Ligand SMILES: NC(=O)c1ccc[n+]([C@@H]2O[C@H](COP(=O)([O-])OP(=O)(O)OC[C@H]3O[C@@H](n4cnc5c(N)ncnc54)[C@H](OP(=O)(O)O)[C@@H]3O)[C@@H](O)[C@H]2O)c1
């Protein structure tokens, strides 16, 4: 597809990977709206990007419905949904609190589903569209302490396959992008240590590049799943 003049909605575009994806799409000439829950962070990001801000929590159905109302007040159609909003709780199974587990699934799984459902209704009508789900290498193999986060990304990967099967007849491309470790706020939010500067680890821009490349392929085809590793990461 040609990104020039296309319209994209990036959830969690106020930080990290989502911010970088929004930035890349805008540089390629797309009109972009970003979502997030923290008003200050969203305002700062949308100003820096020149993107349209939508203050919304993807895990809340009324917020999702309002997001699309606000989007279509600003833009007359949507071409690309990037389901990027997400976070992790990393804890052993025996210490897993129900509330933490449900919070992760509410955003990473239910939120992605709600956002995709509304996009799919629009895309089916237009017989055209793209859904990019930001998975993780946590979507392809399990690990200790991964019950909530890895489980949610496995679920996202499963939904990706279902949506792909349902939506291909309407010319909708559903793509999963699986980053390995990227230098963002993700680790701090999950209560994990991460050095801020490390030239051997991935940046948001690397994932943005992968997303953009996948989208720019001719609409005749698409890459179903794309995994991005750092070449030789050092701690
Ligand atoms: N960083 C990594 O190493 C890594 C690796 C693989 C995959 N990923 C995935 O990449 C995606 C982005 O993560 P990141 O690394 O860029 O982390 P980040 O810097 O913490 O960004 C997360 C973004 O999601 C938003 N968000 C979280 N929950 C939300 C909700 N319920 N509704 C709306 N927005 C929400 C946050 O804004 P608010 O808090 O203001 O809502 C923020 O903009 C996630 O899906 C993550 O699982 C990250």
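Laboratory data are not the source of any read-out in this text; all were calculated from the coordinates shown. Since the model is a prediction, treat every value here as computed from it, not as a measurement. Don't worry about glycine lacking a Cβ; one is built from the backbone with ideal geometry, like all the others, and counts go over all protein chains shown.
Please say if segment 84-229 is rounded, prolate or oblate, where rounded means a/c under 1.5 for a ≥ b ≥ c the square roots of the C-alpha gyration tensor eigenvalues, and otherwise the choice is prolate for a/b larger than b/c and oblate otherwise? The shape class here is oblate.
The distance from the alpha carbon centre of segment 1-69 to that of segment 100-124 is 16 Å, rounded to a whole number.
Rounded to whole Å, give me the distance from the Cα center of segment 151-165 to that of segment 185-235. Using only Cα atoms, the two centres lie 19 Å from each other.
Would you mind calculating the relative contact order of segment 7-228 from Cα pairs under 8 angstrom and at least 6 residues apart, reporting the percent as a whole number?
21
Relative to the longest principal axis of the Cα atoms of the chain, the long axis of helix 147-167 makes an angle of roughly 20 degrees. From most to least packed by mean Cβ count within 10 Å, the peptides 7-17, 145-155 give 7-17, 145-155. Pairs of Cα atoms nearer than 8 Å and 6+ residues apart set the relative contact order; for segment 1-112 it is 27 percent.
With axes computed from alpha carbons, what is the tilt in degrees of helix 39-49 against the longest principal axis of the chain, rounded to the nearest 10 within 0 to 90? On a 0 to 90 degree scale, this one is about 60.
Seen against the Cα atoms of the chain and their longest principal axis, helix 204-216 is set at about 40 degrees.
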